[in-house]
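> Here's a structure for you.
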Amino acid sequence: MTAALRGELEAGGGEDLLERSRQYCQDLTRREAKNFYYGLKLLKEPKRSAMYALYAYMRLVDDIADDESNGRTVAQRAADLEQWAELTHEAIAAGADAGGAPRGHIVWPAFGAMVQRYRVPAELFDEMIAGQRQDLEPVRMATFADLHAYCYRVASVVGVASLYVWGFEGGEGSVKMSVERGIAFQLTNVLRDLREDAGRGRCYLPGDELARFGVTAEQIARGEATEGFEELMRFQIERARGYYQRSAPLDEKVTTDSRATLAAMTAIYRGILEKIAEEPARVLRERVSLGKMKKLMIGWRAMRGR
C-alpha cells in the first residue's frame, strides 16, 4: 500500500478498536481539514464522529492518488486505488463490527460503522474513487459536461453522503440539490486552485470556454492576467453562483440539528468565491482563503441561526 498511509497500518485488535478508529478520524480532520472542520464542530454526537469518518476516508483516498513519494508511478497509484476500493466494500460489509473490518488501516471500523448506521449508498464511494483515478493523469476538460461529471465524483458524492448522515426530507429533490451544492463547492475550489493545478498539468476549466475567451492553460500556469482571463473568471463565478442559488432550499431540508453545519460550510465556500470575485486575477498569485477569525464568526452565526 502507498507510503502515504504506511504510518497508520495495522490497526490491531481489541475491544476499543472502534473507539480508536473514531479518534484517529477526529485527529486527522482537526489536523487536515481547512473548511470542513469549522462546520463539523457544530454537529452533535454521533453525527459529528460519523462526519469525521467520512472526511478521513475522503482525505485518505486523495492521498493515495497524490502520493508520488519514492517515484510511485501512475500504474502503482491506480493499483492502490483498486485495492482501496476492494477494502472499502469489505469495510461496508463489516459495518460496525470492528473485528470484521479489513486489516491495513485504522480508518475502517469508524468508516464501516458510519456507512451502516446512516445507510449511505455504497456506490457513492465507488464514484469518489473514480474521481481520484481521473487525477492520476494530466487533466484537461473538453466541455463543461466533463467538468460537471468530475465535480460530481469528487464533491457532490461527498455532499450526498453527508446528507444521509445529517438526515433530510424531500426525497430525490433534496438529493439533487445536494448534488448542485457539491458542484458549487468544487467550482469554487477549481477557481481558487487554478494556477496551482495548471502548474501540475491539470486544467479543469473547459477547453471550449478557454478558447472562447482566448485563454490557454499555459498562460494560467505562468500567471498571465489577460483581459480574456478576467472575462473568463467572471463567467465561471456567475456559473458557480447559480449553483449556490439553485440549491439554496436545501438548507431547510436537512434535519434541524444539522442545519448549522451546512450553513457554515456553505458560507465559508461562498465567502471564498465572493473574495475571488473582488479581484479574480488574485488566484494567479496566491491561494485565496478566509482567515481563521472569519471562519469562527461564520460558525458562530450559523449556530445562532443567523
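The values are calculated or read from the model by the stated rules, or taken from the named source; none is laboratory data. Remember, it's a predicted structure, so these values are computed and weren't measured experimentally. Note that we place each Cβ from the backbone using ideal geometry, even for glycine, and neighbour counts take in every protein chain shown. When the accessible area is computed, the model is the full protein with side chains, heavy atoms only, and any ligands, DNA or RNA have been set aside. Shrake-Rupley method; radii C 1.70, N 1.55, O 1.52, S 1.80 Å.
> Of the heavy-atom accessible surface of the chain (probe 1.4 angstrom), what whole percent is carbon and sulfur?
48 percent
> Suppose accessible area is computed on protein heavy atoms with a 1.4 Å probe; arrange I64, I92 from highest to lowest.
Sorted by accessible area, descending: I92, I64.
> Given R₀ = 41 Å, what would the calculated FRET efficiency be for H89 paired with E274, taking r from the Cβ atoms and rounding to 0.05?
0.55
> Separate question: Under 8 Å for C-alpha pairs, at least 6 residues apart: give me the relative contact order for the stretch 18-149, rounded to a whole percent.
With pairs under 8 Å counted, the relative contact order is 28 percent.
> Hey, another quick one. Over all directions, average the projected area of the Cα convex hull of the stretch 43-121 and note it in nm².
With the hull built on Cα positions only, its mean projection is 5.5 nm².
> Stretch E19-A145 to full length: gain in nm at 0.36 nm per residue minus the Cα-Cα span?
Working it through step by step, the gained length comes to 41.2 nm.
> Let me know the shape class of the stretch 116-159, please: from the alpha-carbon gyration tensor, a ≥ b ≥ c as square roots of the eigenvalues, rounded when a/c is under 1.5, otherwise prolate if a/b is greater than b/c, or oblate.
Prolate, since a/c reaches 1.5 and a/b exceeds b/c.
> Going by amide H atoms built from the backbone, whose H comes under 5 Å of the H on R140, apart from near neighbours?
For R140, the qualifying residues are C203.
> I'd like the Karplus ³J(HN,Hα) series for the stretch 21-33: coefficients 6.51, -1.76, 1.60, θ = phi - 60°, whole numbers in Hz, and an x wherever there's a Gly or Pro.
Going residue by residue, I get 5, 5, 5, 4, 4, 5, 5, 5, 5, 4, 6, 9, 5 Hz, with x marking Gly and Pro.
> Could you grab the Rg to Rh ratio for the stretch 91-134? Cα atoms only, Kirkwood for Rh.
Looking at the stretch 91-134, the ratio lands at 1.02.
> Hey, if we sort R103, R117, R202 by accessible area with the 1.4 Å probe, largest down, what's the order?
I get R117, R103, R202, largest accessible area first.
> Okay, moving on. From the backbone phi of the stretch 64-76, what are the Karplus-calculated ³J(HN,Hα) couplings (6.51 cos²θ - 1.76 cosθ + 1.60, θ = phi - 60°) in whole Hz, Gly and Pro given as x?
With the stated coefficients, the stretch 64-76 comes to 4, 5, 8, 6, 9, 5, 6, x, 4, 7, 4, 5, 5 Hz.
> Looking at the chain from every direction and averaging, what is the projected area of its Cα convex hull in nm²?
Directional mean of the projected Cα hull area for the chain stands at 15.2 nm².
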